Amino acid sequence: MMEWLNQSWEWLTQAITSMPWQILGVWFLTGGLLLTGVLGSILPLLPGPFLIFIAGILQTVLLPAQGMSWQGLVFLGLLLVLSYLVDMAAGAMGARWFGASRWGILGVFVGGLAGLFFAPIGFIVGPLAGGLLFELIFAQKRMAPAVKSTWGTLLGTGVGLALRLALSLAMAATVLIDALS
């Protein structure tokens, strides 16, 4: 019995000391950032696509042999820029499709900036309130058309959220495929 315990202990110590802990640590860091980034694409206060971009950079810097190619990093950067463009423009485009004036679109952007200070509720309420108030006050629309363009803002924001999630998943797949190939 004692010999079996001794052999098991020797096997365990040999397995632990021969394990590539640095490589496992970098992959755990990359995986954690990718998962947090994908979640951050739908949760407020987490810069999801940016975290995925950082995961690709760190994987490449910390493990050059298992890192991304320069083409993969450029593609990842382009997806990052695209995700932020989609995020910024989605609410305004939805408002425009539902008849918002230039004042209403400006209100969506101003409300979005003001909503940053009242996170996380402000991320949703800010653009909606900004668009509605600018339509009522500056564009001097009646309540029904102003509410209609505000509804468009809400739909545009929802579409933008779905697109940002899709782009985040594409970014995470890019990191994994490029680093593992």
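Quick check on Phe53: is it of a type in the set (Phe, Trp, Tyr), in contact (Cβ under 8 Å) with a residue 12 or more places away in the chain, closer than 16 Å to Leu176 by Cα and assigned to a helix (DSSP H, G or I)? Against the criterion (of a type in the set (Phe, Trp, Tyr), in contact (Cβ under 8 Å) with a residue 12 or more places away in the chain, closer than 16 Å to Leu176 by Cα and assigned to a helix (DSSP H, G or I)), Phe53 qualifies.
Restricting Thr36, Thr13 to residues that are surrounded by 10 or more Cβ atoms within 10 Å (Cβ to Cβ) and farther than 17 Å from Thr174 by Cβ narrows the list to Thr13. Residues of the stretch 63-87 that are surrounded by 14 or more Cβ atoms within 10 Å (Cβ to Cβ) and not small (Gly, Ala, Ser): Leu63, Gln66, Met68, Leu73, Phe75, Leu76, Leu79, Leu80, Leu82, Tyr84, Val86, Asp87. Here Ala144 fulfils each of the conditions (1) farther than 23 Å from Leu39 by Cβ; (2) in contact (Cβ under 8 Å) with a residue 12 or more places away in the chain apart from (2).
Rule-based calculations on the coordinates, nothing more; no lab input. No experiment lies behind these values; they were computed from the predicted model shown. For neighbour counting, all protein chains shown are included, and Cβ atoms are generated from backbone atoms with ideal geometry for every residue, glycine included.
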